[in-house]
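Student: Starting off with a structure, shown below.
The numbers here are math on the coordinates, done by the rules we state, and not lab data. Remember, predicted model here, so these are calculated numbers, not experimental data. No Cβ is skipped: glycine too gets one built from the backbone with ideal geometry, and neighbour counts run over all protein chains shown.
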């Protein structure tokens, strides 16, 4: 897995680097819910694993922003 950088974190969240803390948290929650729903509703193992990895990546982004005290 690739190390999270600020640029990559914003890219993963599909946000501009000018996003506020509230926008970052809101986008994280929306994507996390979407990914969880897709993962839970699919029968395809590859799709389930892919979205599980996306959830982990989102959590890494959240941790990155927390450590940088941006949220």
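Student: Of 36, 46, 27, which is the most mobile in a GNM of the chain whose springs link Cα atoms less than 10 angstrom apart?
Tutor: Among 36, 46, 27, the largest GNM mean-square fluctuation belongs to 46.
Student: At 7 Å along Cα-to-Cβ for each site, give me the label-to-label distance between residue 52 and residue 14 in nm.
Tutor: Going from the residue 52 label point to the residue 14 one covers 2.4 nm.
Student: For P(r) over Cα pairs in 5 Å bins from 0, in percent, pick the label among (1) 3, 17, 28, 23, 15, 9, 4, 1; (2) 3, 15, 16, 13, 10, 8, 8, 7, 6, 5, 4, 2, 2, 1, 0; (3) 3, 16, 30, 27, 12, 5, 4, 2, 0 that corresponds to the value derived from the coordinates.
Tutor: For P(r) over Cα pairs in 5 Å bins from 0, in percent, the calculated option is (1).
Student: Also, quick follow-up: Over the chain, what is the mean sequence separation of C-alpha contacts under 8 Å (at least six apart), divided by residue count, expressed as relative contact order in percent?
Tutor: In percent, rounded to a whole number, it is 37.
Student: Grab the Cα-Cα distance for residue 5 and residue 59, subtract it from 0.36 nm times how many residues apart they are, and report the gain in nm with one decimal. List each step's numbers first, then the result.
Tutor: Details: separation 54, 0.36 × 54 = 19.44 nm, distance 1.36 nm.
Contour length minus the Cα-Cα distance gives 18.1 nm.
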